[in-house]
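The values are calculated or read from the model by the stated rules, or taken from the named source; none is laboratory data. Not measured: the values here are computed from a predicted model. Positions of Cβ are generated from backbone atoms using ideal geometry, with glycine treated the same way; all protein chains shown enter the neighbour counts. Each accessible area value is taken on the protein alone, full model and side chains, heavy atoms only, with ligands, DNA and RNA left out. Shrake-Rupley method; radii C 1.70, N 1.55, O 1.52, S 1.80 Å.
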Amino acid sequence: MYTAVFVLTLVVLVSHVAQGLDNGLALKPTMGWLHWERFMCNIDCDTDPDNCISERLYMQMADVMVKEGWQDAGYEYVCIDDCWPSHQRDAQGRLQADPKRFPGGIKKLADYIHSKGLKLGIYGDVGTNTCAGYPGSLGYYETDAQTFADWGVDLLKFDGCYMNWTLLGEGYVNMSNALNRTGRSILYSCEWPLYEWPFHKPNYTAIRETCNHWRNFADVYDSWSSVKSILDWTASHQDIIVPSAGPGGWNDPDMLVIGNFGLSHDQQESQMAFWAIMAAPLLMSNDLRDICPRSKELLQNRHIIAISQDPLGKQGYRTAKVNSFEVWERPLSKKRLAVAVLNKQEIGGPRGLALSSVPGWKFCDPQCNVTQILPQYKEMGVQPLHSKLVVLVNPSGTVLLTVSPISSNFKSHHNLHWQDTSIKDKHSTIL
Ligand code: GLA
């Protein structure tokens, strides 16, 4: 009997481990900062020393992350993107940082970042060149993995430019193995499916076994239309991509652009809410040295971060699209549910949606405890199945709630599926 239980436990454990990249990393969506969207390939340190890609930028960002509460909120990785290396490898064929912009070299930068209790991310490419034309890793996977490990790097973002698409899978897997062979824990962030989608449907089982997160869709820009296009792509592919997300491996809808120039505050709240619902890595690309207090408060909102980092590790999905509202839901631990209601009507004022019309609400039988997280934190108390509660949502804004059913024989929301929805696309109005 005990043997049978033991064998069964072992089988369950082994099959669980085999599903994801088994490096023990990214058990929750990665949190940190990544330079690309805000600082791009600015290498002009002579005229723009404060914003160019240099060791100073990452050191200053790390200082602020510690001093201004970012680290305490959970943001941990300080990540370099493209344009850091010299155009030439060294005499041993190793990548080297641009000597003018990184006079101390990456190892010294990593030591500095580590001395602050933070982690350092770096960027490379599976093909012959990075997207901005710097040296790629094709033919150098072992060397580059070892170089990154020797420097004390903690995360590698591996891009997919300048690579024959039929070789992408092999390249990403080989680099994953090379990283594992270094013996250093290096979180592996891929762009494999993004570069495969134009040709065929990617193999998400293989991707999950190889990477800790993976980009599926185009680069985020500092605009609401960009954020919306990411949400649309995600919802229209959710049956393919949502099942592959879980502890150790996540879909990556790209950086948070909160605190920059292009999003209104309501739109910033929408990005934050939906990145939490999508169990997305929270990698900010902004200038933490100069960020408005409201954006800072939003990015450090512990209630939203708790949804993002929920230990159940399930990605949420769109459950209803009705009357220019979208409802997305994410199953949470302790049988709770996070619900985000987005008002997609970009004309007029705030509009109401009855909570009892939300698909997940059917689990509120007989009662639910409701907490509003955005736009303001508000305990909304115990609500009955036929609650009259209506949430008011600003144009392009989001109301984010958590719902905890109160019931003795509660039906598990884990069976909730986007295809179960009773109102999906069927009713033109539910108000
Ligand atoms: C690609 C990636 C971006 C960024 C740039 C750098 O476009 O998708 O996230 O890394 O390359 O050149």
- Within segment 245-262, of all residues that are more than 10 Å from Pro29 (Cβ to Cβ) and within 16 Å of the ligand (Cβ to nearest atom), the one surrounded by the fewest Cβ atoms within 10 Å (Cβ to Cβ) is Asn260
- Message: Checking the condition modelled with pLDDT of 95 or more, hydrophobic (A, V, I, L, M, F, W, C) and open to solvent by less than 10 Å² (accessible area, probe 1.4 Å), which residue from Ile347, Ile304 passes?
- Response: Ile304
- Item | Top-ranked residue of segment 119-134 - restricted to ones that are assigned to a strand (DSSP E or B) and more than 13 Å from the ligand (Cβ to nearest atom), ranked as surrounded by the most Cβ atoms within 10 Å (Cβ to Cβ) | Leu120
- Query: Does Phe325 satisfy the criteria of being out of contact with any Ser or Thr (no Cβ under 9 Å at 6 or more places or on another chain), in the same structural domain as Thr402 (by TED's automatic domain parsing) and not aliphatic (A, V, I, L, M)?
  - Reply: yes
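Filter segment 52-66 for residues that are part of a helix (DSSP H, G or I) and within 16 Å of the ligand (Cβ to nearest atom); which is surrounded by the fewest Cβ atoms within 10 Å (Cβ to Cβ)?
The extreme case among them is Leu57.
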- Message: Scan segment 148-170 and tell me whether some residue there is touching a helix residue (DSSP H, G or I) at 6+ places or on another chain (Cβ under 6 Å), over 28 Å from Asn216 (Cβ atoms) and either crowded, with 23+ Cβ neighbours inside 10 Å or not β-branched (Val, Ile, Thr) (or both).
- Response: yes
- Note on the structure: Residue hits (segment 375-403; within 25 Å of Ser225 (Cα to Cα) and without any contact (Cβ under 8 Å) to a residue 12 or more places away in the chain) are Gln376
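Here is a yes/no grid of residues against (1) farther than 27 Å from Gly246 by Cα; (2) in the same structural domain as Trp275 (by TED's automatic domain parsing); (3) open to solvent by 20 Å² or more (accessible area, probe 1.4 Å):
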site	(1), (2), (3)
Lys321	no, no, yes
Arg336	no, no, yes
Arg351	yes, no, yes
Lys362	no, no, yes
Pro366	yes, no, yes
Val370	no, no, no
Leu374	no, no, no
Met380	yes, no, yes
- Subset of segment 87-97 (residues that are within 16 Å of the ligand (Cβ to nearest atom) and open to solvent by 20 Å² or more (accessible area, probe 1.4 Å)): His87
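Can you go through Gly24, Gly32, Gly69 and tell me which one is among the small types (Gly, Ala, Ser), within 16 Å of the ligand (Cβ to nearest atom), at pLDDT 95 or above and assigned by TED's automatic domain parsing to the domain that holds Gly262? Please lay out each step first, then the result.
Numbers: Gly24 fails: within 16 Å of the ligand (Cβ to nearest atom); Gly69 fails: within 16 Å of the ligand (Cβ to nearest atom).
Just a single option satisfies the conditions, and that option is Gly32.
Mind checking which strands (runs of 3 or more DSSP E) fall wholly inside segment 135-227 and carry at least 2 residues that are within 16 Å of the ligand (Cβ to nearest atom) and of a type in the set (A, V, I, L, M, F, W, C)? Step through it out loud before you land on a result.
Numbers: elements: 155-159, 187-190, 213-215.
Once the strands (runs of 3 or more DSSP E) in segment 135-227 are filtered for at least 2 residues that are within 16 Å of the ligand (Cβ to nearest atom) and of a type in the set (A, V, I, L, M, F, W, C), what remains is 155-159, 187-190.
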